[in-house]
Amino acid sequence: MDTTPEGPRIVVGVDGSEPSILALRLAAQLAPALEARVHAVSCWDFPPLFAGYLPPDFYTFEGKATKILHEALEKAFGAEPPPGMTTALERGPAPATLVKAGADAQMLIVGRRGHGGIRGMHLGSVSTACVAHAPCPVLVVHEETKPKPPRRPRPKRQAELYVH
């Protein structure tokens, strides 16, 4: 798979979640219409929380991100990725890294993991940052939900008339 970013592209943030896999598939569908190719980006970073307590094990974090990226691509496309698709593994916080990757893109597509209830009505921190700061159009893909079965109508109550 080519990893050089040339020509028009649709950047997709990949974190291995179901919404990011849906985002990959959607990018592959949109790419021909935009005369672009899909560019999958997976971000990783050494958590600052660990700094000073643990020696940085960049190899482990980068390896996990690589595995997540490859598994997501396999789930999205099987053995046949879209023509011209490229990938990148970038070190840095996902919001800033994806905004930077989308700087010259036709579109940036990210997934949003649903939490359900009131929390599920809000975008996550990564998708919010991308929507707010990316210079290109941003498409946020929500987790696929199963449609609820249709409600059966309640039987109508007939009014009773009492005569005295």
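The values are calculated or read from the model by the stated rules, or taken from the named source; none is laboratory data. Keep in mind that this is a model prediction, so the values were computed, not measured. Heads up, the Cβs are rebuilt from the backbone with ideal geometry, glycines too, and the neighbour counts pull from every protein chain shown.
Scoring Glu74 on the criteria (1) in contact with a helix residue (DSSP H, G or I) (Cβ under 9 Å, 6 or more places away or on another chain); (2) at pLDDT 70 or above; (3) closer than 17 Å to Ser17 by Cβ; (4) acidic (Asp, Glu) leaves a single failure, condition (1).
List the residue pairs whose Cβ atoms are under 6 Å apart, where the first residue sits in segment 82-100 and is closer than 16 Å to Val38 by Cβ and touching a residue at least 60 places away in the same chain (Cβ under 8 Å), the second is assigned to a helix (DSSP H, G or I) and not acidic (Asp, Glu), and the two are 6 or more positions apart or on different chains. Short answer, once both residue conditions are applied: Leu98/Cys130. Checking each residue in segment 62-78 for being over 15 Å from the mean Cα position of the chain (by Cα) and farther than 14 Å from Leu24 by Cα picks out Glu62, Gly63, Lys64, Thr66, Lys67.
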